[in-house]
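Student: Just passing along the structure, written as structure tokens.
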Amino acid sequence: MLYRENGQFKSSYRSDQQIFPILQDRIAMVALLVLAVVIVPLIASPYLLTAIFIPFLILALAALGLNILVGYCGQISLGTGAFMAVGAYAAYNVQTRIDGMPLIASLLFGGLASTVLGVLFGVPSLRIKGLYLAVATLAAQFFVDWACLRLGWVTNGSSSGSVSVAGLNVLGLPIESPVQKYLFALVFLAVFALLAKNLVRGAIGREWMAIRDMDVAAAVIGIRPVYAKLTAFAVSSFIVGVAGGLWGFIHLGSWEPAAFNIDRSFQLLFMVIIGGLGSIMGSFFGAAFIVVLPIILDGLPYWFGIPIDTATASHLTFMIFGALIVFFLIVEPHGIARLWSTAKEKLRLWPFPH
Amino acid sequence: MKSLMKSLALAAALMATATGVFAQAKEQFFPLLAYRTGPYAPNGTPWANGKQDYIKMINARDGGVNGVKITFEECETGYATDKGVECYERLKGKGASVIDPQATGITFALTDKVAADKIPLITLGYGLSASQDGNVFKWNFPLMGSYWTAADMLIQHIGKKEGGLDKLKGKKIAIVYHDSPFGKEPMPLLEERSKMHGFELIKIPVTAPGVEQKSAWLQVRQNRPDYVLLWGWGVMNSTALKEAQATGYPREKMYGVWWSGAEPDVKDVGDGAKGYNALNLNTSGQSPKVIQDILKYVHDKGQGTGPKDEVGSVLYTRGLIIQMLGIEAVRRAQERFGKGKVMTGEQVRWGLENLALDQKKLDALGFSGVMRPLSTSCQDHMGSTWARVHTWDGSKWSFTSDWLQADEQIIKPMVKVAADKYAGEKKLTRRTPADCQS
Amino acid sequence: MRKIGEVILDVHNISLAFGGVKALTDISFDVREHEIRAIIGPNGAGKSSMLNCINGVYQPQQGTIALRGKTFKHMNSRQVAEMGVARTFQNLALFKGMSVLDNIMTGRNLKMKSNLFMQALRVGPAQREEAEQRLFVERIIDFLEIQPYRKTPVGRMPYGLQKRVDLGRALAMEPQVLLLDEPMAGMNVEEKQDMSRFILDVNDEFGTTIVLIEHDMGVVMDISDRVVVLDYGKKIGDGTPDEVRRNADVISAYLGTSH
Amino acid sequence: MGFFLETLFGGLMVGMLYSLIALGFVLIYKASGVFNFAQGAMVLFAAMAMARFYEWIPKWFGFDNKILANVLAFAAAVLVMIAVAWVIERLVLRHLVNQEHITLLMATLGITYFLEGFGQTLFGSGIYKIDVGMPKDPVLVLEGLFAGGVLINKEDLYAAVIAAVLVALLALFFQKTATGRALRAVADDHQAAQSIGIPLGRIWIIVWSVAGVVALVAGVIWGSKLGVQFSLSLVALKALPVVILGGLTSVPGAIIGGLIIGVGEKLSEIYIGPMFGGGIEIWFAYVLALVFLLVRPQGLFGEKIIDRV
């Protein structure tokens, strides 16, 4: 394995400021994109696409958004589900009420709506910290859950409170088949991942992390906590909102508020913790892990003929998640992403450690 | 990303082997969505057990349907929509030809998908009320009843108690409901009825899953309604009964939908639930022949899915019925498309649409007395709307009304309107008579 | 060669209390341009509280602080920073999760103007800005001789070097007044020498005015032009090192003899 | 008027239960600085243990005596909760000493999931019954004063009394016993406590055990009212606003906060709810707490937080 940065000298700071300073990483990234864009759609079965890849992509996007808030800015949120819900229902409303509203526009509108709410519930974060903020975000969760069930206009007056979308298309191209949906979600994730990466490695990203690591010191060097925190809430909830729209439109197609309940919020938080707080890559790892693990556990009995009934399997999932959360918090607070990068470090020095 | 790719590759590989196992010919595969965990497990479990046992029994007793063995795989949804979708996607890959989501939310999510995948959807006694209109909902089968028929029957029954529907004028009827699509689905009909008969309808939502209902019952206490309809599921039912007792609301005045009238709902309330009434689509108890066969061919062989003493309980028996109808649809389809063949989703759909279970057939199946005859058509995907009220006497359920039936005059037009609205939203056209032949 | 100039920072009758506890009572002193001004005193004398008042972390109940003749009473840290006051911390307040480079870059944030969207897209201006500021930061890194650690997370660096990064972050703001809170606390001899050298260089080369809290009397007396002495939140001495050395109150405060 | 009193009373009763759960939060937070999100899961776990042992123990030892069964089941459940506390201290807390609050909070989220999964694996997912012989039927009082009288639920009354007694006991435990004093020392300052030779580990085990027993009592009361089932762990979510309102570090705060929230949410549901179509209590409690936070970030009785640099 030739993983070396020797001989790759940076002639300018700009080149040193690339996302992937090391050539091999750039190659790997390109390869990965090819894999994701070309190979996966070719080989993956509809099941893999609809039941694993699409949810993975969308939840990874949501986790990415949450990670900006929790991982980079250090503001905990237990109400992510609510922001997804707002994104989904807002997108649904413009989509159904305005004729010929382009799909992407609706989804982005969903994001904006979620941003507004995000900033609104972010305001307490200026005055209250940590644990208290967690409770504030829970308030958002329960309020939105309730509003989506109770306020008729949110669901466009559907008597059951469940809504659904159909005939999705972008500029005439239908978004119906698994492959189309997969690619659609993939594009969103790729674009937002890039934008997010730019933010977190830019000035604003440094402000967020500064607030996270030592808010008083940050204030002293002229960082406005108000601005830093609220932008974090805004960016985060925008991304989460868009993810919510995708979850409703692309993955479920028809949904009820329960699709965005508090369990979703916890699920996303776990993705961020396990994947890696303060790491874009981590959001991907976390999402992949949490999407795939239960499916594998469910599958085990059938694949290996191990006599686990479905109930035990899902209890097991609970226990394993719980244990892993604690494990990572204790052993590797930066989650899988850090394990990954340490592996790379080792690789750089290999075969001569120090 | 590497780790992801690896695990996916693994998953894919395993998946492949798995499907390989199930893809052999001469096997009719039934996907079983179930929830044996979470707030709804108490009711989900017996239901799921009934389904499995019936399949096991058919294989053991008759060797399948005309020689076609029946295989199944269960998938835990935990009543969660996204998990349900995942289960559906996974199991459909294994040759599913009919599916029962066991949850209103999942039903909503699957309704669009099944049409594309050509897999019929059985939602016996739940799901989308409008989907009874087979001309629009080609793939949905709310057999034996919907929330609208249920609500309608309850109002009729209460009317009888009062000595005529006209007597309902000025009465107060409260509905304590699970705050979700499941709980809200009956509202249109109840509102319709309250307009017709001039009774006041008081809606009291209970936040899911319904562990904390004090204020709901304080509201009951405040409004002092003449009757309370209970529209709950899972842990909400028993909690409601306990709170009713605690607030001293007469259980005799409480009427539950057929999802709120099973053993788990009343068992640990015991005497507290005495006098509580609920609709029921089917009998319970171990006397029917089909139950006897299950005990004989499955449980006595130590292959029973659940505890033996729960065999024949209300929801268990409902599971049996659902499974039986699914299998009978396959049988019916075979009559047309070839005996001893494995039926596709489309063929089973035809079977479901042309079910003709008269008393004779039911007796032959061992379901005499368990349920009423049922026959579906291209237009009518429900088949029949019979149900009875049963009452808890502190230790067991016993029927306290004869068979009730929903009032077509009210249901039909509502279904039509709702179905047309749906067709409009989804840009569907009603099926032609020709299409009905297919 | 630097020469002491006008009064740049004028602290006037500052009093600060937490609940009942009086941290500072009626403190006044001034700082002249280009000078190195030390604040000394036993633990709990209120030295750090004094700095916290100056750069707006605490709001004193009484008194005013004037920067270049601009008087202010209630001013938030941001405004103070904009007026060119930088600060290092007694118990390291670095951003542990971030690399040395990023830590010092935060010091340049005030200078960066491109908005959120430009940053997200990394289009021309944002890109250029980033590179420019990076250039400046690299100069500081060279000055502090921490080049090899550029990309290391500060959490993993030895204590002495972390102190340098702390200084670097403050310098990145191109401050006119630099507040140093015990920059040599917990250092060994040569680390202290390095640090003193840096402080003097900063003072020489950039002409930065320096307000310094330090315990090590040797260092204080060597490098500072004038010294303020606090004890139990009161000012008990002010003047050149020699004057202070001869001040009876100061001696008793340090020797702990009551009077 | 009569009905208003009923609502008020109902609210107070529910509030008492919230206080009981909130108490668990406060105890643990005071002693180990952990915001124990798992308190709800502990309530569930304890209640399940109690309910199941009540079924199993008579089977195992072949006797049929309700009281004895209850006593033994309770004892067994207490042991279980102590074991849980011990394991948590061993495997989690001691590895996270002096970590940030957020980290600890997230760790307890992990514990929550583990306990829920583990609990259902051990004890099953059905609805189980706790029968400690509490009266189920209500009584009417003050019929003279108001038409229809005021309906009071005896079980609630008993529950409230039990809760009150428990609180009193805890107060004594903290004030009078050596352990209690040690606990208070730890609560005030971990390092200091350690330096004067108070063994943190042991203290934490004790506190978590106490919290476990509090959870058990809450579970028994709640369980005998509504039955024991998975969803029981959700009541913790209703207790969070209580803690926030009362202040994380204050025992009286938990009690009074509980009562305020209990009454507040019931009154709001009954008198404001209908305007919005009902179901508002769950978020109303939170918004109540939130608004309060903005005015007084440290809660009713919490200690003020000052940033030192």
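Throughout, read-outs are computed from the coordinates displayed, never taken from laboratory work. Owing to the predicted nature of the structure, the values given are computational and were not obtained by experimental measurement. Backbone-built Cβ (ideal geometry, glycine too); neighbour counts: all protein chains shown.
Student: Give the order of B:TYR249, B:TYR147, A:TYR182, D:TYR271 when sorted by the count of other beta carbons within 10 angstrom, beginning with the fewest. Numbers along the way, then the final one.
Tutor: Details: B:TYR249 22, B:TYR147 29, A:TYR182 25, D:TYR271 12.
Ranking B:TYR249, B:TYR147, A:TYR182, D:TYR271 by Cβ neighbours within 10 Å, fewest first, gives D:TYR271, B:TYR249, A:TYR182, B:TYR147.
Student: Identify all aspartates and glutamates with a Cα-Cα distance to B:LYS427 below 13 Å; exclude those on the same chain that are fewer than 8 residues away in sequence.
Tutor: Cα-Cα hits under 13 Å: B:ASP112.
Student: As an exercise, find the ratio Rg/Rh for region A:117-232 from alpha-carbon atoms, using the Kirkwood inverse-distance average for Rh.
Tutor: On the way: Rg = 19.8 Å, Rh = 17.9 Å.
Ratio of gyration radius to Kirkwood radius for region A:117-232: 1.10.
Student: Same structure again: Based on Cα coordinates alone, diagonalise the gyration tensor for region A:48-349, multiply each eigenvalue by 5, take square roots, and list the semi-axes in whole Å, largest first. Please list the in-between numbers first.
Tutor: Numbers: eigenvalues 162, 138, 72 Å².
After scaling each eigenvalue by five and taking roots: 28, 26, 19 Å.
Student: Using +1 on the beta carbon of Lys and Arg, -1 on that of Asp and Glu, and nothing else charged, what's the dipole of chain A about the Cα centre, debye to 20? Don't skip to the answer; put the middle values down first.
Tutor: Working: 20 positive and 15 negative charges, 190 e Å.
Dipole size: approximately 920 debye.
Student: Would you mind checking B:LYS396/D:LYS238; B:LYS138/B:LYS169; B:LYS203/B:LYS242 for any pair whose Cα atoms are more than 30 angstrom apart? Before the final figure, lay out the partial values.
Tutor: Numbers: B:LYS396/D:LYS238 35 Å; B:LYS138/B:LYS169 39 Å; B:LYS203/B:LYS242 19 Å.
Beyond 30 Å between Cα atoms: B:LYS396/D:LYS238; B:LYS138/B:LYS169.
Student: In a GNM of chain A with a 10 Å cut-off on Cα contacts, which of A:PHE53, A:PHE284, A:PHE321 has the highest mean-square fluctuation?
Tutor: A:PHE321
Student: On average, how much area does the Cα convex hull of region B:105-216 cover when viewed from any direction, in nm²?
Tutor: The number I arrive at for region B:105-216 is 8.2 nm².
Student: Let me ask something else about it. For a test of the definition: using alpha carbon positions, the gyration tensor, and the 1.5 limit on a/c, classify region D:19-117 as rounded, prolate or oblate. Each step should come with its number before you reach the end.
Tutor: Working: a/c = 2.86, a/b = 2.46, b/c = 1.16.
Prolate, because a/c is 1.5 or more and a/b exceeds b/c.
Student: Based solely on its DSSP helices, what 222 nm [θ] is calculated for chain B when runs of n ≥ 4 H residues each add -39,500 (n - 2.57) and the sum is averaged over all residues, nearest 500 deg cm²/dmol? Could the numbers behind the result be given before it?
Tutor: Values: 16 runs with 196 residues, N = 438.
Roughly -14000 deg cm²/dmol at 222 nm, from the helical runs in chain B.
Student: Could you check the spin-label model distance between A:LEU120 and C:VAL189? Points 7 Å from the Cα along Cα→Cβ, value in nm.
Tutor: 6.6 nm
Student: Which residue fluctuates the most in chain D, going by a Gaussian network model with Cα springs under 10 Å, if the choices are D:ALA22, D:ALA41, D:ALA182?
Tutor: D:ALA182
Student: Continuing with the same structure: Taking just the alpha-carbon atoms of region A:204-244, what radius of gyration and Dmax come out, in angstrom?
Tutor: For region A:204-244, the Cα-based Rg and Dmax read 11.4, 37 Å.
Student: Here's a follow-up. Take region C:108-259, compute every pairwise Cα distance, and split them into 10 Å bins from 0; I just need the percent in each bin.
Tutor: Whole-percent P(r) values from 0 Å outward: 9, 31, 29, 18, 9, 4, 1.
Student: Pairing the Cα long axis of helix B:104-117 with the longest principal axis of chain B, what angle in degrees results, from 0 to 90 and rounded to the nearest 10?
Tutor: In chain B, helix B:104-117 runs at an angle near 30 degrees to the longest axis.
Student: I need the P(r) histogram for chain C: all alpha carbon pairs, bin width 10 Å from 0 out to the longest distance, whole percents.
Tutor: 7, 29, 35, 21, 7, 1, 0
Student: Using +1 at the Cβ of each Lys and Arg and -1 at the Cβ of each Asp and Glu in the protein assembly as shown, identify which of C:ALA38, D:PRO58, C:LEU200 lies farthest towards the dipole's positive end.
Tutor: Working it through, the farthest residue towards the positive pole turns out to be D:PRO58.
Student: Next question. Under a crude label model (7 Å from the Cα following the beta-carbon direction), how far is C:GLN61 from A:VAL187 in nanometres?
Tutor: 6.4 nm
Student: When only alpha-carbon atoms count, how far does the protein assembly as shown stretch along each of its three principal axes, as whole angstroms with the largest first?
Tutor: 117, 79, 58
Student: On the first, second and third principal axes, largest extent first, how far apart are the outermost C-alpha atoms of region B:320-438 in Å?
Tutor: Sorted largest first, the three principal extents are 50, 41, 21 Å.
Student: For chain B, calculate the relative contact order in percent as a whole number, restricting contacts to Cα pairs under 8 Å that are 6 or more residues apart.
Tutor: Once divided by the residue count of chain B, the mean separation gives 19 percent.
Student: I need the semi-axes of the equivalent ellipsoid of chain D: take the C-alpha gyration tensor, multiply each eigenvalue by 5, square-root it, list largest first in whole angstrom. Provide the component values of the computation, followed by the final result.
Tutor: Numbers: eigenvalues 194, 144, 61 Å².
With the √(5λ) rule applied to chain D, the semi-axes are 31, 27, 17 Å.
Student: Can you tell me the alpha carbon radius of gyration of region D:175-309 divided by the globular rule-of-thumb value 2.2 N^0.38 Å?
Tutor: Values: Rg = 18.2 Å, N = 135, 2.2 N^0.38 = 14.2 Å.
Rounded to two decimals, the normalised Rg is 1.28.
Student: Given the DSSP H assignment, sum -39500 (n - 2.57) over each helix run of at least 4 residues in chain D and divide by its residue total; what's the result at 222 nm in deg cm²/dmol, nearest 500?
Tutor: Working: 11 runs with 214 residues, N = 309.
Mean residue ellipticity, 222 nm, calculated: -23500 deg cm²/dmol.
Student: While we're here: Please work out how much length the chain gains when fully extended from D:LYS176 to D:TYR271, using 0.36 nm per residue of separation minus the C-alpha to C-alpha distance, in nm with one decimal.
Tutor: 29.8 nm
Student: With each pseudo-label sitting 7 Å past Cα toward Cβ, what's the C:ARG68-A:LEU42 distance in nm, one decimal?
Tutor: Those two pseudo-labels are separated by 6.5 nm.
Student: Note down the relative contact order for chain C as a percent, whole number, built from C-alpha pairs under 8 angstrom at least six residues apart.
Tutor: Values: 456 pairs, mean separation 71.1, N = 259.
Here the relative contact order equals 27 percent.
Student: While we're looking at this one, here's another question. How high is the FRET efficiency from B:LYS172 to A:TYR227, r the C-beta distance, R0 51 Å, rounded to 0.05?
Tutor: On the way: r = 55 Å, r/R0 = 1.09.
Step by step, r from the Cβ atoms, then E = 0.40.
Student: Among all the lysines, which ones have a C-alpha under 21 Å from C:LYS234's C-alpha, if same-chain residues fewer than 8 places away are not counted?
Tutor: Those lysines meeting the cut-off are C:LYS22, C:LYS47, C:LYS73.
Student: Here is a further query. Provide the FRET efficiency to the nearest 0.05 for the C:ARG246-C:GLN79 pair, computing r from the beta carbons and using R0 = 25 Å.
Tutor: Details: r = 39 Å, r/R0 = 1.57.
Given R0 = 25 Å and the Cβ-Cβ separation, E is 0.05.
Student: While we're on this one: Starting from one equal scatterer on each C-alpha and no solvent at all, send me the Debye-based log10 I(q)/I(0) for chain B at q = 0.07, 0.10 Å⁻¹, two decimals.
Tutor: Listed by q, the Debye log ratios stand at -0.33, -0.69.
Student: Ok, one more. For chain A, modelled as a Gaussian network with Cα springs under 10 Å, which listed residue fluctuates most, A:GLY253, A:GLY322, A:GLY161?
Tutor: Ranking A:GLY253, A:GLY322, A:GLY161 by mean-square fluctuation puts A:GLY322 first.
Student: On to the next question. Given contacts defined as C-alpha pairs under 8 Å and at least six residues apart, what's the relative contact order of chain D, whole-number percent? Don't jump to the answer; show the numbers that get you there.
Tutor: On the way: 463 pairs, mean separation 107.1, N = 309.
RCO, chain D: 35 percent.
Student: Calculate the tail of P(r) for region C:13-95: the fraction of all Cα-Cα distances greater than 18 Å, expressed in %. Working shown, then result.
Tutor: On the way: 1518 of 3403 pairs.
Pairs farther apart than 18 Å: 45 percent.
Student: Could you tell me which helices of chain A pass both thresholds, a Cα extent of 20 Å or more along their own axis and a mean Kyte-Doolittle hydropathy of at least 1.0, with helices taken as whole DSSP H runs? Don't jump to the answer; show the numbers that get you there.
Tutor: Details: long enough: A:80-97 (26 Å, 0.32); A:103-122 (28 Å, 2.05); A:130-150 (30 Å, 1.23); A:178-200 (32 Å, 1.63); A:225-246 (31 Å, 1.43); A:280-304 (35 Å, 1.74); A:310-331 (31 Å, 2.06); A:335-349 (22 Å, -0.24).
Flagged H segments are A:103-122, A:130-150, A:178-200, A:225-246, A:280-304, A:310-331.
Student: State, in angstrom, two size descriptors of region B:368-438 derived from its alpha carbons: Rg to one decimal place and Dmax to the nearest whole number.
Tutor: Over region B:368-438's Cα set, Rg and Dmax evaluate to 17.5, 54 Å.
Student: Nearest 0.05, what FRET efficiency do D:ALA164 and D:VAL87 give at R0 = 25 Å with Cβ-Cβ as r? Walk me through the numbers on the way to the answer.
Tutor: Numbers: r = 31 Å, r/R0 = 1.24.
That pair, D:ALA164 with D:VAL87, gives E of 0.20.
Student: When the distances between all Cα atoms of region B:200-321 are binned every 5 Å from zero, what whole-number percent does each bin get?
Tutor: Result returned by the calculation: 2, 11, 19, 20, 15, 11, 9, 6, 4, 2, 0.
Student: At 222 nm, what value in deg cm²/dmol follows for chain A if DSSP H runs of at least 4 each add -39500 (n - 2.57) and the sum is divided by all its residues, to the nearest 500? Spell out each step's value before the answer.
Tutor: Values: 16 runs with 235 residues, N = 354.
It comes out at -21500 deg cm²/dmol, rounded to the nearest 500.
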